[in-house]
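Visitor: Structure incoming, see below.
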Amino acid sequence: MSENNDVDQVDDQVESLDEATPEDASADAVADTEDDAVTDEVDGDEAAEDASAEAEENDPLEAFRRELWAKPGDWFVVHTYSGMEKRVKHNLENRIISLNMEDYIHEIVVPTEEVAEIKNGQRKMVTRTVLPGYVLVRMDLTDESWSAVRHTPSVTGFVGHSHQPVPLSMSEVEDMLAPAVVAVAEAEAAAAGDKGSSTTPRKPVEVADFDVSDSVMVVDGPFATLHATITEINAESQRVKALVEIFGRETPVELSFSQIQRV
């Protein structure tokens, strides 16, 4: 009698397992599907990160933007005597050390660009200052840091309110510093023998359609949308010298024919 009861209990357990199998299988299938979905999502995120990193490596301008936005401090424009921009940068870098301002004044930049210059029939690339008479300073503004910058030899003051200068927007900083980044990237590509550059057709020589004292609109570069007055034209190098009003003061700049148009 006891043996029969044991057999009946075993049969009941087997039957119960058989009945539960479809539900358990369904639950297992759902769990497997969820695990696969999580794995696919992780793989997708990793692939996106890899693609983003690769794109950044191939696009130095994008890498520059990301680095620029991550830096501490605000960017201010400092007015200097024209032609003394590099001297001011050197003097201020020395003052930062002597006055222990390393934690407040982070970076001094003289924006430059590479331009083609033709002299005696020889064409060569030269570095020019983008903003003659101005220097960009990245800093945390305090009374002490303001004084350190303001009293640097050949500095005439901050642009804007003398004691409470307004920092530049990040887009303005990008416009001023990007040309140098692009020039370096192009120079490195050329030095590496970039095949793409060798197949690029040479830009046709443009005929000067401007006159001295013409009022023009800048359509490209860091001064885009600003009005300028031409003071000198060099048809051979396809460039003009002009006066552009920057921060409330007329500033001499050099522009290519392609950067300006009549108004």
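Visitor: To the nearest whole percent, what portion of all C-alpha pairs in the stretch 152-192 is separated by more than 13 angstrom?
Guide: Result: 69 percent of Cα pairs exceed 13 Å.
Visitor: Taking R0 as 41 Å, what's the FRET efficiency between Asp211 and Met125 from their Cβ-Cβ distance, rounded to 0.05?
Guide: So, using R0 = 41 Å, E works out to roughly 0.90.
Visitor: Hey, another quick one. Determine the shape class of the stretch 50-180: with a ≥ b ≥ c the square roots of the Cα gyration tensor eigenvalues, call it rounded for a/c under 1.5, and otherwise prolate if a/b is greater than b/c, oblate otherwise. List each step's numbers first, then the result.
Guide: Numbers: a/c = 2.16, a/b = 1.20, b/c = 1.80.
The shape class here is oblate.
Visitor: Under the 0.36 nm per residue contour assumption, what length would be gained going from the current alpha-carbon distance of Lys86 and Leu99 to full extension? Provide the component values of the computation, followed by the final result.
Guide: On the way: separation 13, 0.36 × 13 = 4.68 nm, distance 1.99 nm.
Additional length available on full extension: 2.7 nm.
Visitor: Something else about it: Report the full-extension gain for the segment Val109 to Lys71: residue separation times 0.36 nm, less the Cα-Cα distance, to one decimal in nm.
Guide: Working: separation 38, 0.36 × 38 = 13.68 nm, distance 1.39 nm.
Gain in length upon complete extension: 12.3 nm.
Visitor: Please report Rg (one decimal) and Dmax (integer) in Å for the Cα set of the stretch 203-263.
Guide: 10.7, 36
Visitor: If the label point is 7 Å along Cα→Cβ of Glu232, which residues in the stretch 240-263 have backbone nitrogen under 16 Å from it?
Guide: Of the residues in the stretch 240-263, 240-244, 251-257 have backbone N under 16 Å from the label point off Glu232.
Visitor: To continue, here is another question. Tell me, Arg138, Arg262 in order of fewest to most beta-carbon neighbours within 10 Å? Display every interim value, and only then the final one.
Guide: Working: Arg138 19, Arg262 10.
With the sparsest Cβ surroundings first, the list reads Arg262, Arg138.
Every number here is computed from the coordinates shown, using simple stated rules; none is lab data. Since we're looking at a predicted model, the values are computed, not measured. Cβ: placed from backbone, ideal geometry, glycine included. Neighbour counts: every protein chain shown.
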